[in-house]
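Novice: Shown below is the structure under consideration.
Throughout, read-outs are computed from the coordinates displayed, never taken from laboratory work. Bear in mind the structure is a predicted one, so any value in this text is a computation, not a measurement. Glycine gets a Cβ as well: all are built from the backbone with ideal geometry, and neighbour counts include every protein chain shown.
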Amino acid sequence: MSKRMLSGAFVALVLLFLSGTLVQGAEAIGVAITSVNFAAPSPEKENLDGEWVEITNKDTAAQSLTGWTLEDEGNHTYTFPEFSLNAGSSVKVHTGEGTDTARDLYWGRSTSVWNNGGDVATLRDASGNIVSSYSGEAEEA
């Protein structure tokens, strides 16, 4: 093979590798469910704030979550109020009642949402598209 063909093949391989890396990197950046606690400490009814889903913005820019939803397998749905999640930040959505802050949002429910034996948390954007899903079992509280 000539030097020119080898150089062209090398460039093509590098571009192919980089295009795959960029696609993979693009999928890894953004908003995602990163942690859950499906089981509040006992007695559960008195500790609903201990039941939560954590959402992280892995992107380099703030992301508006206004109108987004978080739901379980039983179709209990939390709709985000006017809220922006800063780049690199996380927010916990608690089942119980409280005052919303930049780090903690409250569903305002008086009963648990998440199944202690395991559940699926699904995050959807304002158009209803699935952004992230987290399936897991509750750990003993």
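Novice: All other residues with a Cβ under 11 Å from the Cβ of Ser64 taken together, and with Lys, Arg as +1 and Asp, Glu as -1, what is their net charge?
Specialist: Net of charged neighbours comes to -2.
Novice: Per-residue HN-Hα couplings for segment 111-119, Karplus 6.51 cos²θ - 1.76 cosθ + 1.60 at θ = phi - 60°, whole Hz, x for Gly and Pro?
Specialist: After applying 6.51 cos²θ - 1.76 cosθ + 1.60, I find 9, 5, 10, 7, 6, 4, x, x, 7 Hz.
Novice: Taking Rh as the Kirkwood radius, which is the inverse of the mean 1/r over Cα pairs, what is the Rg/Rh value for segment 30-136?
Specialist: Taking Rh as the inverse mean 1/r over Cα pairs, Rg/Rh reads 0.94.
Novice: Sorted from fewest to most neighbouring beta carbons within 10 Å, what does the list His76, His94 look like?
Specialist: If I rank by nearby Cβ atoms, fewest first, I get His76, His94.
Novice: On to the next question. What is the set of long-range amide H partners of Leu105 at a cut-off below 5 Å, with H atoms built 1.01 Å from backbone N?
Specialist: Lys92, Val93, His94
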